[in-house]
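Below: the structure, in structure tokens.
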Amino acid sequence: MRSHRRKLYRSPKTAAELISRYQKGERSFPGTTLSDECIESSLPGIDLRDSTLRIVFSDVNLTQACFRGADLAFTHFDGKFAGANFERAELVWVDFGSSELTGSSFRNTDLRHTHFESCVLDDCDFTGAQLDHTNFLDVSLFSLCKSSSLIHEAPSYVDHRTVIRSIRSPHLKDSLLRMGMPAIFVESMVDCARSLSETSMFPCSVFSNRRLLAMVNLTDRLPNGSMKRCTQMVCALSFSRSTEYQGKSYTD
């Protein structure tokens, strides 16, 4: 009788081998170890669970990819990763660039020092994720505000663009406080962002300009440091928006 032996799985040793095997129809590559390589080929639906990657994904389509339980520390992501599964992955010092991450799962992930800037984070699940000096710059916090059991090991960084984009979230203030932003700054930032939201639909009124002037007075009383500089940026942006709609600078 002819014996039938099941072919043993062997993880790819290089990015080129991974891409070649994917193009031949293979999709599951658990436990893969790659470092110091750049992948520029789209690999939608690829399964890299429990892998160890120290690589760059550049302008790729990895929608519905699985990175469950993977060690992705220092990896750079740039492209489409909508619906990706990052559950229990180690994402320490990962840079997501301006990636499309709609519907991705970050449940129970390690997001220490992770960088999100200009990413799309709509409908993501951050339940149980660990935050520690995590950067959320020019993103919407809607998904983060809705996720439960977040672990805040240390303060995270949020800029004025993120506050403006997240202003309609009913839990924004609470989320900012949990992320380490001082209460007085949360109130001021959210109040100013709401003023900007109003000016996006209507011309600036005297009332909104007075609100901005109150922010300037608050800024003058703050000690020198990152808080004062950030507040000054928000005020500058607010007045530039006011000038844009009124066609002139406001003076009282």
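The values are calculated or read from the model by the stated rules, or taken from the named source; none is laboratory data. Note that the structure is predicted; figures quoted are calculated from it, not measured. When we count neighbours, we look across all protein chains shown, and the Cβ atoms used for this are built from the backbone with ideal geometry, even at glycine.
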As an exercise: evaluate L43 against (1) of a type in the set (A, V, I, L, M); (2) out of contact with any helix residue (DSSP H, G or I) (no Cβ under 7 Å at 6 or more places or on another chain); (3) outside any strand (DSSP E or B) and give the number of the one condition it does not meet.
(2)
Within segment 147-166, identify whether any single residue is within 18 Å of the chain's Cα centre (by Cα), of a type in the set (V, I, T), part of a loop (DSSP other than H, G, I, E, B) and within 22 Å of C119 (Cβ to Cβ), and answer yes or no.
no
Restricting attention to segment 167-193, the residues that are in a loop (DSSP other than H, G, I, E, B) and in contact with a Cys (Cβ under 7 Å, 6 or more places away or on another chain) number exactly 2
Could you identify the single residue in V139, V120, V94 that is of a type in the set (V, I, T), at pLDDT 95 or above and touching a Cys at 6+ places or on another chain (Cβ under 7 Å)?
V139
Verdict on R54 being touching a Lys or Arg at 6+ places or on another chain (Cβ under 7 Å) and outside the structural domain of A193 (by TED's automatic domain parsing):
no
